[in-house]
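One structure below.
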Amino acid sequence: MEIIIAENSGLCYGVKRALRIAKQTRADKSEKVYTLGDLIHNPQVIADLEKHGIHSAKDLNKINNGTVIIRSHGVSPQIYDFLTNKNINIVDATCPIVKKIQRLVSNLSKKEEEIIIVGNKEHPEIKGLIGYSQGKGVIIENEAQARKLPQKRKRAVLVQSTQNIHLFQRTVNILSARTEKLDIHNTICQSTQTRQKSTSELASQVDVLFIIGGKNSSNTHTLYKISKKVLTNTYFIEKANQITPEMLKGASKIGLSGGASTPPKAIKEAVVKIKSSLKYQFHREKTVKCLN
Ligand code: SF4
């Protein structure tokens, strides 16, 4: 039996950095410390942060003092203004890659009539990005919405940093037929692209594949969809104890992958659970890298 872990599974650079900043802020400040929404899309990590005095605030209007940490997804300029006007201290943990996309949207808004942003309209990164578009941003979640767009002489297109690369490519094809001059920016971050590619490759090599992560994590859902397309025996689990003997039945190669907000502990626990479920079998563990 072989347990194979996809390359780049688990916490990405931006989320690790935000967690580090949050812990440092908690250590430095005596006042209340909040994160604006969940710092990462993982209920176990959020519960742990809460225990250490880092509170996840869902409603900005309820915060009247203390420090607010902006999470890796970033926020719109309007949110910075709102917090500043309320005299609330801001610690900015926006991922530098997301910051770069925000700057891109801001620059495009000066020269483009329309900026198409491919992504989930409820995702915090998208809600933040649209705020930099000077009212020129249009969110497209799927190909059907792209097909409804009118013909235009000129427009730009970019994408949520954790989106499915195939959805972006298909959307760009649709837009190319509707736009005379399409300015294309693939803003999916490298870490996401590697994770998606290695998960897809792994799905074609194993008998069963577990995608581990919070059900509210959009990038983990994307990984699940990518893997499920290749391998029917793909399971989306939040915790190791959801792995059952039936899921492992007859499997000699077992794959694991996790989203950008899946802590390494969750992946290790899944490995332990699989090993203990199949304790009489020989096992080998490795991490695979993407093929080029
Ligand atoms: S997925 Fe990429 S862009 Fe998003 S927070 Fe992580 S490193 Fe940054």
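No lab work stands behind these numbers, since they all come straight from the coordinates. Computed from a prediction, not measured in an experiment: that's the story for all the values here. Glycine also receives a Cβ, built like all others from the backbone with ideal geometry; neighbour counts cover every protein chain displayed.
Rounded to the nearest 20, the size of the Cβ-charge dipole of the stretch 145-191 about its Cα centre is 300 debye, with Lys and Arg at +1 and Asp and Glu at -1.
Ranked by how many other Cβ atoms sit within 10 Å of their own Cβ, fewest first, the residues 181, 23 fall in the order 181, 23. Note on residue 84 and residue 23: with the Förster distance fixed at 35 Å, the Cβ-Cβ geometry gives a FRET efficiency of about 0.90. Binning all Cα-Cα separations of the stretch 13-95 at 10 Å, short to long from zero, yields these whole-percent fractions: 19, 58, 23, 1. For the stretch 152-166, putting each phi into the Karplus relation 6.51 cos²θ - 1.76 cosθ + 1.60 with θ = phi - 60° gives couplings of 9, 6, 8, 7, 10, 9, 9, 8, 3, 4, 10, 6, 6, 4, 5 Hz, in residue order, rounded to whole numbers and with x for Gly and Pro. A cut-off under 15 angstrom between Cβ atoms defines the neighbours of residue 89, and their net charge, with Lys, Arg +1 and Asp, Glu -1, is 0.
With bins 10 Å wide beginning at 0, the percent of Cα pairs of the chain falling in each bin runs 6, 26, 29, 23, 12, 3, 0. Projecting the Cα atoms of 66, 129, 116 onto the charge dipole of the stretch 51-192, computed from C-beta unit charges around the Cα centre, puts 116 farthest toward the positive end. A crude spin-label estimate for the pair residue 204 and residue 110, with each label 7 Å from Cα along the Cβ direction, gives 4.4 nm. This ranking places 101, 174 by how few other beta-carbon atoms lie within 10 Å of each, fewest first, which gives 174, 101.
Apply the a/c threshold of 1.5 to the C-alpha gyration tensor of the stretch 97-188 and tell me whether it is rounded, prolate or oblate. The partial results should precede the final answer.
Details: a/c = 1.62, a/b = 1.17, b/c = 1.39.
It comes out oblate by the Cα gyration axes.
Find how much the distance from residue 228 to residue 182 grows on full extension, using 0.36 nm per residue of separation minus their present alpha carbon separation; answer in nm with one decimal. Intermediate results must be reported in sequence, preceding the final value.
Numbers: separation 46, 0.36 × 46 = 16.56 nm, distance 3.20 nm.
That pair, residue 228 and residue 182, stretches by 13.4 nm at full extension.
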